Structures are given as structure tokens and as C-alpha cells.
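The values are calculated or read from the model by the stated rules, or taken from the named source; none is laboratory data. For clarity, every value in this text was computed on a predicted model and none was experimentally measured. When we count neighbours, we look across all protein chains shown, and the Cβ atoms used for this are built from the backbone with ideal geometry, even at glycine. These area figures cover heavy atoms from the full protein model, side chains too; ligands, DNA and RNA do not enter into them. Shrake-Rupley method; radii C 1.70, N 1.55, O 1.52, S 1.80 Å.
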Amino acid sequence: MPETHGEVLRKWLLGAVLDLGGAAPRSEVQRRFQELYGARLTAQDREPRVGRPGGEAAWKNNLDSLYDVLKKQGLMEPSRRGGAWTLSERGRARAEQPVQPSQSRVVEEDLLHDFKPGDSSDYLARLQGRDLEKSRKHESLLDAYGRAVSVSGWRLSTLVRPRDLELVRGDQVWLGEVKMVYKGNATQASRAALAQLLEYRHFYYEASKPPGLLAVFSEPIGLALVSFLDSCGIAAVWRADGSWHAGDRAREAGLLPPAP
């Protein structure tokens, strides 16, 4: 098994600090983290991190890196070297209630706080002396869908690489994969979406709390493939004629963006 993904570590780290009253020295946080979640760490998490003094385990090094990220995100308070790791008010709220109840007031600017698609412009790639024009239309499609569906109250994050998108609303968590349909080959696009969604769900989420699975396509893939994906537990959304369309599973989950 690979090292535990950062999104899971973040939930665990916030939970460990909260359990210590919201603030504690690094060594105390590590101790409590191991008590609470050590049984769920993978073998690679426990391996010594190359270059770290004393053969420090990889998970401890990952927590240090994650702590710096959480400070930048405002979930941890700024600190001096050797100071206590302290939850901010926002971090405490996230740790106490990681998923906002659906009836709670939604802060609109928070919905897109972690939604940062890449550049959608074309670029040049040099391959064995040749310049090839590559497309970033995938990022443009991701940006368009994310902004459209956020109107329905979904909180979005693209900070979950290599996954494309995570959507959270109330007690719902959905893992999204965006696919371009090239030269009308909907079969290839749907196969790729199916494989990646199943793989990411297996490796990045706890088996007891699997996310819903969503595939977003740049054009229609046909009702047969929509039905096939639905039978695999995957909701489908696609773009056509300047608007969004969806299969029954996506409609029922509220994943079809409203008409503008």
C-alpha cells in the first residue's frame, strides 16, 4: 500500500490536535496521532524517510509538511520554531465538524476556496526534437463544471491530485473525474473514467466511507454508456449544446448544474 494520502492525514491531524484541546507541542501531537490512527497507517507510512535524522518514519515527516500547509490555509495558527501546534478557529470548526450539515448556512466564497483548475491554454511539448502542440481543454472543462455546480452549494477542491475533483455538500462526498471525448470516442473516455474512479476510491478513501463517483464528459457519451456507468455506481454528467446534461444518478444527487 502507498503512503496515506494527504487529505486523510489532514483529517487525522486536525482530529489529533483537537483531541489535545486544540494546541500541543509537536511531540505530543505525534504521540496522540499514533494512538488514534497508528493502526491505520500503511507499511510505507512507517518506513524511515530518506534524509531525515534518526530514521524518522515517513508519516512524521508528512505531518510536518502538512502542518506548514495547514498554517498557510489558515487552519493552524502561525507559530515559532518549537512552539505549540494550535488550531485556528476555522481549523477547530473543520476538526469538530468536517462535513457541514446540509441545512447549515453556506458561505459562498468557501465553495470555491480550494477549487483551482490549471491553465487551459495550449502549450508546446518537445519530444525527440519535435515541437508538439498539446491541449489543456481538460482544465477548461473542469473549471466550467466546477463553477456551474458550485451554485448548488457544493464545496469544491482540486487540491486532491492526482484526482481531478472532490465535491462536498452536507454529508455527501463525491469524487469527480473529468474526461475529454476525443474524435467521438466515448467508449475510450468512459473506460478511462471508470478505471481511474475505481482506483482512486480504493487507494484514497476509507473502505467504510467511500465517496460517490462522478464522471464529467466534454460531450454526450450515449445512453448505453450512461446506463453502463450507472450500473457500476458512477454518475455521469456531460456538456452538449452549451448546457449541462446528466443521467438519473447525477440528477438525484444534485450534481447537474442548474440552467443559467
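Against the condition on the phi > 0 side of the Ramachandran plot and not hydroxyl-bearing (Ser, Thr, Tyr), how does residue 74 come out, does it pass?
yes
Which one of these does residue 158 not meet: (1) open to solvent by less than 20 Å² (accessible area, probe 1.4 Å); (2) of a type in the set (Ser, Thr, Tyr); (3) within 19 Å of residue 12 (Cα to Cα)?
That leaves (3) as the condition not met.
Consider segment 21-46. How many of its residues are outside any helix (DSSP H, G or I) and open to solvent by less than 50 Å² (accessible area, probe 1.4 Å)? Outline the logic, then answer.
Step one: list which residues in segment 21-46 are outside any helix (DSSP H, G or I), which gives 21-25, 41-42.
Okay, now just the ones that are also open to solvent by less than 50 Å² (accessible area, probe 1.4 Å), so 22-24, 41-42.
Selection size over segment 21-46: 5.
Any idea which of (1) at pLDDT 90 or above; (2) touching a strand residue (DSSP E or B) at 6+ places or on another chain (Cβ under 7 Å) is the one residue 185 doesn't satisfy?
In the conditions (1) at pLDDT 90 or above; (2) touching a strand residue (DSSP E or B) at 6+ places or on another chain (Cβ under 7 Å), residue 185 misses (2) alone.
How do the pairs read when you match residues in segment 212-226 that are more than 15 Å from residue 250 (Cα to Cα) and assigned to a helix (DSSP H, G or I) with residues anywhere that are of a type in the set (Lys, Arg) and open to solvent by less than 20 Å² (accessible area, probe 1.4 Å), using Cβ under 6 Å and keeping only pairs 6 or more apart or on different chains?
none
Are there any pairs, at least 6 apart or on different chains, whose C-beta atoms fall under 8 Å, with the first in segment 141-152 and under 15 Å from residue 215 (Cβ atoms) and the second hydrophobic (A, V, I, L, M, F, W, C) and modelled with pLDDT under 90, and if so, which?
Within 8 Å, the pairs are 146/112; 146/115.
Restricting to segment 227-260, and then to whatever is aliphatic (A, V, I, L, M) and over 15 Å from residue 176 (Cα atoms), can you tell me which residue is least open to solvent (accessible area, probe 1.4 Å)?
Within segment 227-260, the first condition is being aliphatic (A, V, I, L, M), and the residues that meet it are 229, 234-237, 240, 246, 250, 253, 255-256, 259.
Checking the rest, the ones that are also over 15 Å from residue 176 (Cα atoms) come to 240, 259.
Values: 240: 17, 259: 91 Å².
My answer is 240.
Any residue that is more than 18 Å from the chain's Cα centre (by Cα), outside any helix (DSSP H, G or I) and surrounded by fewer than 14 Cβ atoms within 10 Å (Cβ to Cβ) - is there at least one of those in segment 171-178?
no
Kindly list, by first and then second residue, each pair from a residue in segment 20-47 that is under 20 Å from residue 91 (Cβ atoms) and free of Cβ contacts under 8 Å to residues at least 12 places away in the same chain to a residue that is surrounded by 13 or more Cβ atoms within 10 Å (Cβ to Cβ) and of a type outside the set (D, E, K, R), limited to pairs with Cβ atoms under 7 Å and residues at least 6 apart or on different chains.
Close Cβ pairs (under 7 Å, with a partner that is surrounded by 13 or more Cβ atoms within 10 Å (Cβ to Cβ) and of a type outside the set (D, E, K, R)) amount to 28/20.
Would you say residue 231 is over 25 Å from residue 40 (Cβ atoms), touching a Leu at 6+ places or on another chain (Cβ under 9 Å) and not aliphatic (A, V, I, L, M)?
Here the answer is no, as residue 231 does not meet what is asked.
Starting from segment 56-80, keep only residues that are closer than 19 Å to residue 33 by Cα and open to solvent by 20 Å² or more (accessible area, probe 1.4 Å), then list their pairs with residues that are part of a helix (DSSP H, G or I) and of a type in the set (Val, Ile, Thr) whose Cβ atoms are within a distance under 7 Å, requiring at least 6 positions of separation or different chains.
The qualifying pairs do not exist here.
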